[in-house]
Structure formats: structure tokens, C-alpha cells
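A short worksheet on the structure shown next.
Rule-based calculations on the coordinates, nothing more; no lab input. These numbers come from a predicted model, not from an experiment. Cβ placement follows ideal geometry from the backbone for every residue including glycine, while neighbour counts extend to all protein chains displayed.
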Amino acid sequence: MAEKPTLVKCLVWDLDNTVWDGTLLEDPNVELFPGIRDTIIELDSRGVLHSVSSKNDHDLAWNRLEELGLAEYFVHPQIGWGRKSDAVRLIAERLNFAEKAVAFIDDLPTERAEVNFHAPDIRCYPADEATKLSGLPEFSPEIVTVDARRRREMYQAGFRRDAEKETFNGPDEEFLRTLDLVMEIKRADEEDLSRVEELTLRTSQMNATGVHYSDAALRALLADPDHEVLTVTLTDRFGPHGAVGVLLLERHPDLWHLKLLATSCRVVTFGAGAVLLNWLIDQAARAGVHLAADFKRTDRNRMMDIAYRFAGFADDPCACVAVLGEPAGEGVQRLHLLADRREAPTTMRLGAPELAAAAGEKDAVA
Ligand SMILES: [Zn+2]
């Protein structure tokens, strides 16, 4: 079986003779090539971001993109007279994408060669292939979730958030309170699960167990009265962050077993992991049960390790864990905590179901 290609997360467009037919400085009314608008919109709907690297007068070019109704699709546009390889690498850096996840399209072979020379991981395409890109596997993610369709909107909200943060001088907690953060924890339904699938694939560094639960495995647990599959979304006054977390919990009579906790690295700075753990501990305290959590230390999930320890999880032996089998997977530790009541978070509003009700009272999930 052929190896799946690395997906393109951002496509950087040249403008003259690539997006539009002609040179803007010679013809201020240049028109789009046929099919370009559809290609941009189609890829955007799949969660592929668009950007621009064009040697042009910035204001003229941006105005023309606005007149053509396309400006809103481009993030971090680089329009000026510098080297295109610098522009494309800057875009990758700003988006925090690996260069191999970035593509560049330009009609001029010399520009493609220049980018290729300085940034060999960036995939370059000639302009006459523009309308064929949406048929290529590297532009065709297997799953297109609600969040993928809104990815550009989420990034754009992120840029506005960062810009505001730069002008804010107070301590972080104070800044967080200005964001009007709202976290919603809910029992997952079928649609939520496809968002969770993408989350667990994309954010392995924040997956505390290191054990991957497939869409099918989580789906099978939806109707299981002993399991809780919970998804977490976050919004603030700039817009949605989308699905940012997933928890899988198994109930035993005297013990709740946290089998999976994954959060998006996008929300680490908001302290989302700590808020989730504190909420869960409070729920366990109300239910009068102990908590056990599976944890696999990797060199990428240090933040999660800190969150667990800070919440009070430890390696202390406790008889309650005898009901659990061996940890699922090599190197998985089992942390334990005597649950106590916790305060509500001070940095965000929290909406969540009442888990403390007996397992039998859990609403049937279709
Ligand atoms: Zn115990």
C-alpha cells in the first residue's frame, strides 16, 4: 500500500498570472483565471488555509483581492519585493506549520526553483495545475470535520486575540478574564465523535495516555452505561476554538477510571487541562469515589504531566485500583487521587453535565 502523503495545511499563492490573468501593475482590472475561485473555496472548506506570496504593490494587490471578494480567504499575506522563499517560510513559521505541510503555486519556474532551493520541503506547483489541486491526495484529508471547515475562522480569531494580548500589560490570569472564555463539556454524540477523532490524531503531545482510541472504539462506548465519552469545546469573545478536548471515563462502584484525556495544544495557554481535571475531581468527590488516571510520559506531554501532579494525582498505592486490569499499553502509569471538592474556575465559565448521578441514570444515547 502506498504511503499516505503529508497533507498540505496551507497553500501559498502567487498572484500575477497565477490567481489572475495578467499583471496588476499593467492592468488594474485583471480578472481571475477560470476555476480559481472555486478551487480556493473548495480547499478552504476542507480546512486548507490559503496565503499569498506576490511581488507587487501591497495596497494595490490587496485592494484587488478585496474587489474580487477573495481577500478574506488569505491569512498572513506577504505582498512586497522580497524573496519568495523568505515569504513562504515566514508564513509557515507564523502558522506554526512544518514546511512540508506548506505548498506554493507560481507560474514562474524561477520562483518555484528559488523556493525549492532554500526550502526544499515546501511543495511547489506550476500555476497551470491550480484547478487540479483539489483532486490530489495531499489536498484531500480523509475526514473533514466541523472544525476543519472553520479552521480559517479559528486562526483569524487567534490573530486578533494575539494582537490584543500584545497590547495588554496585566498578568495572564487578568488577561484570560478579559476573554470571556466559555468551556462546555458535554456527553458526546455521533457528530462530536468525528471532531474528537481529528483532535486525538492532531494533538498527540497533549494525549496523556499515549493510547489512541479510534473513532469506532469511542463510538462503541457511547451507549455503554459504564463509560462516559465527553467532548470539550471552548469559545471566547473573538470566536470559537472548536473542539479542544476529549475525556474517556469508566465508572466502577467506588472508583472512576480516566482512560483518555487529550486537549488541543492551541488552548494550553488558557489552562484548559487544569480546569478539566479540577472539574472531574469535584464531580468524583460529589459521587464519593476515588479517581485513577492512566498516564504515559513522553517527551512531548510534559504540560499534561504537570497538570496531573498539580491537581494532586500521585503514584500512591490504593486498594481501589485492584478492580482495574493491567494498564492498556506499555509504559502506562496509573495515577491515583482521593477526590476532594474543588472551586469553580476563575478564568472561564464552565458548562458541564452532572456526572455524580448514578450510572443507571445516565441518559440513553442514541
Ligand atoms: Zn483509591
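Computed quantities for the displayed model
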read-out	value
Cα gyration tensor shape of region 10-83, rounded if a/c is under 1.5, else prolate or oblate by comparing a/b with b/c	oblate
Those trypsin sites (Lys or Arg not before Pro) in region 312-358 that DSSP places in a loop and that have at most 12 other beta carbons within 10 Å	341
Helix axis angle, 190-202 relative to the chain longest principal axis, alpha carbon, degrees	70
Length released on extending from residue 99 to residue 182, taking residue separation times 0.36 nm less the Cα-Cα span	26.5 nm
Candidates per GluC sites (Glu not before Pro) in region 8-99, loop by DSSP, up to 16 other Cβ within 10 Å	26, 31
Dipole magnitude of region 146-361 about its Cα centre (Cβ charges: Lys, Arg +1; Asp, Glu -1), debye to nearest 20	560
Per-residue HN-Hα couplings for region 47-62 [Karplus 6.51, -1.76, 1.60; θ = phi - 60°; Hz; x = Gly/Pro]	x, 7, 7, 10, 9, 10, 10, 9, 8, 6, 6, 4, 5, 4, 5, 5
Computed magnitude of the charge dipole of region 10-139 (debye, nearest 20; Cβ of K, R +1, Cβ of D, E -1)	540
Relative contact order [Cα under 8 Å, 6+ residues apart], the chain, whole percent	14
For residue 33, residues with placed amide H under 5 Å, excluding near neighbours	20, 21
Least to most buried among 134, 54 (fewest other Cβ within 10 Å first)	134, 54
Restraint check, 84/132; 84/165; 132/186; 9/165; 132/296, Cα-Cα greater than 32 Å	132/186; 132/296
Shape category assigned to region 10-139 from the gyration tensor of Cα positions, a/c cut at 1.5	rounded
Cut-off under 5 Å, modelled amide H: who pairs with residue 104 long-range	12, 123, 124, 125
Of 181, 48, 118, farthest towards positive along the dipole that unit charges on Lys, Arg, Asp, Glu beta carbons give the chain	181
Spatial separation of Cα centroids for region 27-90 and region 92-150, in angstrom	13
Positive dipole terminus of the chain, leading residue within 353, 336, 196 (C-beta point charges)	336
Local net charge near residue 152, Cβ-Cβ under 12 Å (Lys/Arg +1, Asp/Glu -1)	+1
Antiparallel %, DSSP beta bridges [both residues in the chain], to 5	55
Residue 53 long-range amide H proximity, modeled H, under 5 Å	13, 14, 78
Computed log₁₀ I(q)/I(0) - Debye formula, equal Cα scatterers, no solvent, the chain, q 0.07, 0.14 Å⁻¹	-0.38, -1.14
Global geometry of region 146-361, whether rounded, prolate or oblate, following the gyration tensor of its Cα atoms and the 1.5 cut on a/c	prolate
Length released on extending from residue 136 to residue 309, taking residue separation times 0.36 nm less the Cα-Cα span	57.8 nm
Cα-centre dipole for the chain with unit charges at Cβ (Lys and Arg positive, Asp and Glu negative), debye to 20	940
Region 45-107 - percent relative contact order, Cα under 8 Å, separation 6 or more	35
